Amino acid sequence: MCKNVNVATGLRMGMTQKTKGDVEVKISLAKKDKVLKFHDGETILYTGKLVERCGDSTPYILEDGDIMTTKESSMGIGGM
């Protein structure tokens, strides 16, 4: 998972799903504190509007995203 905060574009969060490919969720800066609280390895439930999917090797792009819930990994922070 990677997180990128940019004043011009908002907050972008990239995630790898186990079987369905990568996802990039664009989240408003107003939700920055909520998003920055979780860590690699945690399970999250997110929502967003699908706006782009060019092919199998490119990520799903979601706009107007939100993090609904987070759950710590059974292996602790970072999943390791």
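The values are calculated or read from the model by the stated rules, or taken from the named source; none is laboratory data. Keep in mind the model is a prediction, meaning the values are calculated, not measured. Here the Cβ positions follow ideal geometry from the backbone for every residue, glycine too, while neighbour counts run over all protein chains shown.
Structure data summary
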item: Qualifying positions in region 43-54 - closer than 14 Å to V25 by Cβ and either in a loop (DSSP other than H, G, I, E, B) or acidic (D, E) (or both); result: E52, R53
item: Checking R53 against (1) surrounded by 15 or more Cβ atoms within 10 Å (Cβ to Cβ); (2) at pLDDT 80 or above; (3) of a type outside the set (A, V, I, L, M, F, W, C), the condition it does not meet; result: (1)
item: Residues (in contact (Cβ under 8 Å) with a residue 12 or more places away in the chain, assigned to a strand (DSSP E or B) and under 12 Å from the mean Cα position of the chain (by Cα)) located in region 8-42; result: L11, R12, M13, G14, M15, T16, D22, V23, E24, V25, K26, I27
